[in-house]
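Structure first, commentary second.
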Amino acid sequence: TRAPERTDAYWMPFTANRQFKKAPRLLASAEGMYYRDTDGREVLDGTAGLWCVNAGHARPRIVEAIKRQAETLDYAPSFQMGHPLPFLLAERLADIAPAPLKHVFFTNSGSESVDTALKIALAYHRARGEGQRTRLIGREKGYHGVGFGGISVGGLANNRKFFGAQLPGVDHLRHTLDLERNRFSRGLPKHGAELAEDLERLVQLHDASTIAAVIVEPVAGSAGVILPPEGYLQRLREICDRHGILLIFDEVITGFGRVGEAFAAQRFGVTPDIITTAKGLSNGAAPMGAVLVSDAIHAAFMQGPEEVIELFHGYTYSGHPLACAAALATLDTYREEGLFRKAITLERYWEDAIHSLRGLPHVADIRNIGLVGAVELESRPGVPGARGYEAFARAFHEHALMVRCTGDVLALSPPLILDESHIDRIFERLAATIRATA
Ligand code: PMP
């Protein structure tokens, strides 16, 4: 398949991102750890697509499952008659989720999962007679998708400042990295419990009785891979418990083995009230998201008092048959190939490899956990993202490596099927790109 003639940025029908403007790069096919572009060049996938293809590309079992499902039942209208697969998939998710989170609500993306989770939190308090709890707390630099709920609780300026007034009454925790930079150190940054006291500040400022929920990414991805300082998530949990506030983990990128467990909640030993997921759930092979909640929250949202039964929420494609088939085959693949443990078994090797980039030109910090990595480059004064985007995106393509350039951060999150030789290749190509662009 050749790229069509007109490829200027304003024509791109799938993103407002201007990265493509000068050098559009289009993909034609993919298999395992590799993409192939429309010129036939093989590109090593250092980002699992967009943090989603955790089991690698075009896995025959997943492809077959989608094909079979398309031939059998292509669509079921979720509001009239369902079909069996969402029930099976919900059970499978409950099996791997932290113990109390046994209920599932299906969506089609991370953004929809976030909006759904925020609505569930508000409905929960209302059903308990605490309808005044409407305030939502996010975090500076948080990324929670592009819906109005997600950009309201999100904290990345470019994602929100062009879109006028958003959800009222939202406030944001202070961003943890500005307070505690990692600076090439390995492991989690320190003093997390103290940093989490920032939530207590917001509780005092707004009064706990007005706050419905706090939403954070356990590892913030889009902001440039920001690790939770030690004790940070635990302390947030304690403060939420003390004040009757729900804690939501946005696990859209950390879910499905990225940090060595099914969910980051398990890796960090902190159980939130709600988990949002998408991406790795269906291995990128079909759009799908899911929100995981506990019994009590589910009861309030789905089966509460009269007033709440009238509540409506759901998408035309919630629990879509093809997405369910893809997700079931994906979960089978994760289990049979032990992929959730890969980010633990390879963590040390990955860490040594990424830290070998220290000392290369302009490298200002390195951060990693599980099979996630970030190389932060020095920014030019007053020019955020000066070294990212176009020059880097083009150079990476020349070196046949897919890396996510966000601002001054080069982020990595490879498919979990990789082995040590892939890790070597990723960092050889990354180092060559950084040298070439210096
Ligand atoms: N939340 C987080 C933490 C994400 O990283 C993303 C996507 N990168 C989203 C939500 C939004 O997901 P989607 O693009 O599928 O809407």
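A short reminder: the numbers here are calculations on the coordinates, not readings from a lab. Since we're looking at a predicted model, the values are computed, not measured. Positions of Cβ are generated from backbone atoms using ideal geometry, with glycine treated the same way; all protein chains shown enter the neighbour counts.
See the values below:
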read-out	value
Low-density loop cleavage sites - chymotrypsin sites (Phe, Trp or Tyr not before Pro) in segment 247-324, where at most 13 other Cβ are within 10 Å (DSSP)	Phe312
Ratio of Rg to Rh over segment 64-336 (Cα coordinates, Kirkwood Rh, two decimals)	0.97
Beta bridge orientation in the chain: antiparallel %, DSSP, nearest 5	70
Highest-first arrangement of 46-59, 76-89, where packing means the average Cβ count within 10 Å	46-59, 76-89
Note, ³J(HN,Hα) from phi for segment 285-298, Karplus 6.51, -1.76, 1.60, rounded to Hz, x at Gly and Pro	7, 7, x, 6, x, 8, 10, 10, 9, 7, 3, 4, 6, 4
Exposed-loop-free span, longest in the chain, where GluC sites (Glu not before Pro) count as exposed if DSSP calls them loop and at most 12 other C-beta atoms lie within 10 Å	6-309
If the convex hull is drawn through the Cα atoms of segment 100-211, its volume per residue in Å³	153
Gyration tensor (alpha-carbon) shape descriptor, segment 132-183, a/c threshold 1.5	oblate
Two-site label geometry, Ala364 and Arg341: point separation in nm, points 7 Å out along Cα→Cβ	4.0
Segment 82-121: radius of gyration and largest Cα-Cα distance (Dmax), Å	11.0, 27
Order of Thr254, Thr210 - criterion: other Cβ atoms within 10 Å of each residue's Cβ, fewest first	Thr210, Thr254
Estimated FRET transfer efficiency when R0 is 30 angstrom, pair Leu357-Phe163 (beta carbons, to 0.05)	0.25
Cα centre as origin, Lys/Arg/Asp/Glu Cβ charges: the chain dipole, Debye	920
Over 31 Å between alpha carbons, listed pairs Lys67/Lys119; Lys119/Lys141; Lys119/Lys342; Lys190/Lys342; Lys161/Lys279; Lys102/Lys279	Lys67/Lys119; Lys119/Lys342
Modelled FRET efficiency - R0 56 Å, Tyr349 with Gln80, Cβ distances, 0.05 increments	0.65
Cα lying deepest toward the dipole's positive end in the chain, options Gly56, Leu93, Gln132, charges on Cβ	Gly56
For Gly289, residues with placed amide H under 5 Å, excluding near neighbours	Thr107, Asn108, Ser109
Ranking of Ser209, Ser152, Ser413 by count of other Cβ atoms within 10 Å, fewest first	Ser209, Ser152, Ser413
Filtered trypsin sites (Lys or Arg not before Pro), segment 100-178: DSSP coil and at most 11 other beta carbons within 10 Å	Lys161
Descending semi-axes in whole angstrom, ellipsoid equivalent of segment 241-371, from the Cα gyration tensor	34, 20, 13
Square roots of five times the Cα gyration tensor eigenvalues for segment 312-430, Å	31, 21, 13
Segment 195-235 - Kirkwood radius from inverse mean 1/r over Cα pairs (Å)	11.6
